[in-house]
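The values are calculated or read from the model by the stated rules, or taken from the named source; none is laboratory data. Source: prediction; values computed, not measured. Here the Cβ positions follow ideal geometry from the backbone for every residue, glycine too, while neighbour counts run over all protein chains shown.
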Amino acid sequence: MMPRILLIGKNGQVGSELARLLPPIGELTVLGRSELDLARPGEIRRVIGELRPNIIVNAAAYTAVDQAEKEEALARAINADAPFVISEEAKKLGAFLIHYSTDYVFDGAKRSPYTEDDPTNPLSAYGRTKLAGEEAVRAAGVPHLILRTAWVYATSGKNFLLTILRLASTREELRIVHDQFGAPTSARTIALATARLVESIFSRDNPGPSDVLEQYAGTYHLTAAGQTTWYEFAVAILETVRGLSASPATSPAGLSWVAAATAGRPFIAKRIIPITTADYPTPARRPAYSVLSNARFTTTFGFALPDWRSQLGDTVRAGS
């Protein structure tokens with residue numbers, strides 16, 4: 001019997017990819033904001049109680065980092081309170097929960113990759129609410145995987161990749177922060193890894209959490225290998241997309257997602273200038289260094305995500 005899988009957050013960057021990848025693994029129900037309001041605990045309990053899933057993947061989150069400084073209560077409702085309710089309901093059903101978190105739970109004071117055991121110290125409302133969500137899942141006592149990822153991007157939604165393409169089609173000069181370090185990670189790669197984990201937790205003959213996987217429940221870092229800065233990432237994005245012009249079949253003009261990002265305009269950017277964080281103040285403070293160590297994940301599950309440059313190339317070429 002195939003497991004019943006509930007995916008929450010079908011319209012997000014990772015959620016939209018999971019919606020395409022999970023159907024072969026189980027009987028999938030996908031819910032977005034219009035079907036499930038995470039700010040309403042009673043609604044969460046009712047829906048999960050009716051669906052009775054074997055596994056819940058919570059890919060929903062309040063991710064407007066700067067806006068969260070003004071809307072911390074709403075961010076907390078979605079990023080912390082809702083995961084606690086989801087976890088409680090999952091525990092009642094004996095279901096397994098996969099929940100995503102962020103590198104922003106750290107303050108960036110370290111200068112070597114953060115491990116799962118390093119102290120957390122978020123600098124922003126977004127980081128605080130995501131950390132509270134982690135703590136809520138753990139407190140509920142549900143079998144779970146918390147997957148911390150970072151600098152997530154895709155060819156749809158709102159993210160750095162699409163912002164750079166838009167700016168490159170409207171400005172001759174781009175000024176990009178060069179003193180924040182991280183590992184850009186594609187939504188599709190995160191979703192592929194998640195689907196692989198789901199297959200290892202459940203099988204057609206075992207529609208419940210396996211004893212083996214319960215041993216591995218906990219928090220893991222799941223990001224691209226390597227590290228870069230926002231400035232270097234921006235340079236790589238334009239080099240990669242412009243490089244497609246050598247092949248008419250895959251030229252930027254022929255990629256619908258690029259055309260959507262640029263509103264059909266050609267690139268006019270001539271210079272990308274590195275700047276400091278101080279040169280580009282934002283409402284929310286970002287960690288200066290948020291590279292995460294994937295060693296625990298790799299050792300436990302036997303695979304790792306590709307280097308960030310490889311992920312970027314694959315994402316641009318595939319358009320997803």
Could we say that residue 44 is touching a Gly at 6+ places or on another chain (Cβ under 8 Å) and either aliphatic (A, V, I, L, M) or without any contact (Cβ under 8 Å) to a residue 12 or more places away in the chain (or both) here? no
Selected residue (criterion: nearest to residue 282 (Cα to Cα)) from residues of the range 151-177 that are part of a helix (DSSP H, G or I) and touching a residue at least 12 places away in the same chain (Cβ under 8 Å): 160
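Yes or no, residue by residue, for (1) aliphatic (A, V, I, L, M); (2) under 18 Å from residue 77 (Cα atoms); (3) in contact with a His (Cβ under 8 Å, 6 or more places away or on another chain):
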{"site": "96", "(1), (2), (3)": "no, no, yes"}
{"site": "107", "(1), (2), (3)": "no, no, no"}
{"site": "125", "(1), (2), (3)": "yes, yes, no"}
{"site": "130", "(1), (2), (3)": "no, yes, no"}
{"site": "134", "(1), (2), (3)": "no, yes, yes"}
Which numbered condition residue 148 misses (of (1) part of a helix (DSSP H, G or I); (2) touching a residue at least 40 places away in the same chain (Cβ under 8 Å)): (1)
Subset of the range 1-58, residues of a type in the set (S, T, N, Q) and closer than 19 Å to residue 75 by Cα, comes to 11, 13, 34, 58
What residue, among those in the range 199-213 that are in contact with a helix residue (DSSP H, G or I) (Cβ under 9 Å, 6 or more places away or on another chain) and outside any loop (DSSP other than H, G, I, E, B), is modelled with the highest pLDDT? 200
In the range 244-269, what count of residues is obtained for those that are surrounded by 14 or more Cβ atoms within 10 Å (Cβ to Cβ), modelled with pLDDT of 80 or more and in a helix (DSSP H, G or I)? 6
